[in-house]
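Below is one structure, written out as structure tokens; comments come after it.
Values quoted throughout were computed directly from the atomic coordinates according to the rules given, and no laboratory measurement underlies them. Here the structure is a predicted model, which is why all the values come from computation and not from measurement. Here the Cβ positions follow ideal geometry from the backbone for every residue, glycine too, while neighbour counts run over all protein chains shown.
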Amino acid sequence: MRILIIVVYYLPSTVSCAKLIQDLAGELHRQGHDVIVVATDEQISTNLQISKEEGITIVRVRSGKIKTALRPVRLMNESRISQTIWRKAKRFFLDHPCDLIIYYSPTILFGSLVKKLKALYSCKSYLILRDIFPQWALDAGVLKKGLLYRYFKRKERVNYEAANYIGVESPGNLAYFSKAGLDKKFQLEVLYNWTSLSEEKHDISNFRSQLGLRNKVVFFYGGNIGVAQDMDNIIRLAIHFRDESEAYFLLVGDGSEVRRLKSVIHKKGLTNIAIHPPLDQKQYQAMLSEFDIGLISLDRNLKTNNLPGKMLGYMSHAMPILASINPENDLLELINKHQAGLVSVNGDDEHLRLNALRLLKDESLRCQFGLNGQKLLYEMFSVNQAARQIMSHFV
């Protein structure tokens, strides 16, 4: 079967979905399918760049900036994403008919492109839904109900209607659809995030030495640094830990909040926290292998569930998780049940401080939680399981 996967970011992008899709594409290829990945790329110099990477055809389409752009620019570029891909890759699409389309959200703006391609190929589609937008933006105060919100709600509906099946990332997301009265309109299921369980070689590195972090217990965050992550939450924790000389907070990534957060860190004179630019996947995995505790932070006002992809990287490297999340998130039960770390609700700074202090002071507890998380990864989050679940609807 020829499978077309559509995603905003693919390697060498450091965004977590790039690695997720690489793992999924690789697994589908190993299962005998002909896989094509189409992704936008703001770095390439030509409109279209086609390559063969590890048996997978990668089609990169030049786009304007999206993730790192100011909001008005991002809105303009992202709102055109379906048209841009179709216009620049139309000849490729016509020459390479596919049997199945898998598309990934975010973004919610692939709906019109998928609908067009489904009609062209007379095929079915599967939406991997990892971002219930614009709901989370409304919850976090990024959007208000108005013209722009209504525009995104229409696009969200088009995105869902283009799918024969929708895989959400947690049971709590099913409840969201049920509450909205959409559970009977769409074919929904839980499709957990995944990772390749094979041992990957990563660059030999010594980030502790390079960053001056010898003899430190490093609380590590890797991924998007935006509004939904509420990284002020982690800055407040760093303030509480000013007098804990062995504690250090390292945030690695990019996003809309980086510039403001760097300014806050500077103004408060914090020397126990830093924001590091994103790394390529090999360097990122090497960095994960060196540090001690994996951080997760989610805005407390979010009403939707989120199991961040970064969590899989932490578990893969047996890092205990320190999470501060929105109330009623499925992550609370998951981490507690499997004793993979410590969790608090964002806004309860004292609970977060005590959890962080417990992990800071107890190396054996960190080790045990890390091993528990690694075991959980193998039980629930394999890419083989995810690929077979998706394909069970079509073969």
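Could you work out how far apart the two model spin labels at Arg2 and Glu350 are, taking each label as a point 7 Å from the Cα in the direction of the beta carbon, and quote it in nm?
6.3 nm
So, R0 is 22 Å and r is the distance between the beta-carbons of Glu189 and Leu11; what FRET efficiency does that work out to, to 0.05?
Efficiency for this residue pair is about 0.20.
Under the Kirkwood approximation for Rh and a Cα-based Rg, what ratio Rg/Rh is obtained for segment 207-380?
We get a ratio of 0.92 for segment 207-380.
Would you kindly calculate the mean projected area, averaged across all directions, of the convex hull enclosing the Cα atoms of segment 1-102, in square nanometres?
6.3 nm²
Taking 0.36 nm per intervening residue step and subtracting the Cα-Cα distance, what contour gain separates Arg242 from Asn215 on full extension?
Fully extending the segment from Arg242 to Asn215 adds 8.1 nm.
Give the span of segment 326-395's Cα atoms along each principal axis, as three whole-Å numbers ordered largest to smallest.
51, 28, 14
Please get the size of the charge dipole for segment 283-395, origin at its Cα centre, with Cβ charges of +1 on Lys and Arg and -1 on Asp and Glu, quoted in debye to the nearest 20.
Dipole size: approximately 220 debye.
Listing Met315, Met287, Met380 from the residue with the fewest other Cβ atoms within 10 Å to the one with the most, what is the order?
Met380, Met287, Met315
Which one of Phe93, Ile239, Phe219 is farthest out on the positive end of the charge dipole of the chain, using unit charges on Cβ (Lys, Arg +1; Asp, Glu -1) and the Cα centre as origin?
Phe93
Ordered by packing density, taken as the mean number of other Cβ atoms within 10 Å over each peptide's residues, highest first, how do 49-55, 87-93 rank?
Top to bottom by mean Cβ count within 10 Å: 87-93, 49-55.
Only bridges whose two residues both fall in segment 2-191 count here: according to DSSP, what percent of them are antiparallel, nearest 5?
15 percent
Based solely on its DSSP helices, what 222 nm [θ] is calculated for the chain when runs of n ≥ 4 H residues each add -39,500 (n - 2.57) and the sum is averaged over all residues, nearest 500 deg cm²/dmol?
It comes out at -12500 deg cm²/dmol, rounded to the nearest 500.
Report, largest value first, the span of the C-alpha coordinates of the chain along each principal axis, in whole Å.
For the chain, the Cα spread along each principal axis is 62, 47, 42 Å.
Tell me, what is the FRET efficiency for Lys145 and Ser289 to the nearest 0.05, using R0 = 56 angstrom and their Cβ-Cβ distance as r?
FRET efficiency, Lys145 to Ser289: 0.80.
Against the longest principal axis of the chain, how steep is helix 111-121, in degrees 0 to 90 to the nearest 10, with axes from Cα atoms?
The angle comes out near 40 degrees.
Would you look at the GNM of the chain, springs on alpha carbons closer than 10 Å, and say which of Ala180, Ala163, Ala228 moves the most?
Ala180
If R0 is 45 Å, what FRET efficiency do you get for Arg259 and Ser122 from their C-beta distance, rounded to 0.05?
Computed FRET efficiency for Arg259 and Ser122 comes out at 0.45.
Considering only Arg214, Arg130, Arg300, give the residue with the highest GNM mean-square fluctuation for the chain, with springs between Cα atoms whenever their separation is below 10 Å.
It is Arg214.
Taking the Cα centre of segment 2-191 as the origin, how large is its charge dipole in debye, to the nearest 20, when only Lys and Arg (+1) and Asp and Glu (-1) carry charge on their Cβ atoms?
Rounded to the nearest 20 debye, it is 980 debye.
Using +1 at the C-beta of Lys and Arg and -1 at the C-beta of Asp and Glu, which of Leu70, Phe249, Val395 has the Cα lying farthest in the positive direction of the dipole of the chain?
Of the listed residues, the answer is Leu70.
Of Ala247, Ala356, Ala175, which has the largest mean-square fluctuation in a 10 Å C-alpha GNM of the chain?
Ala175
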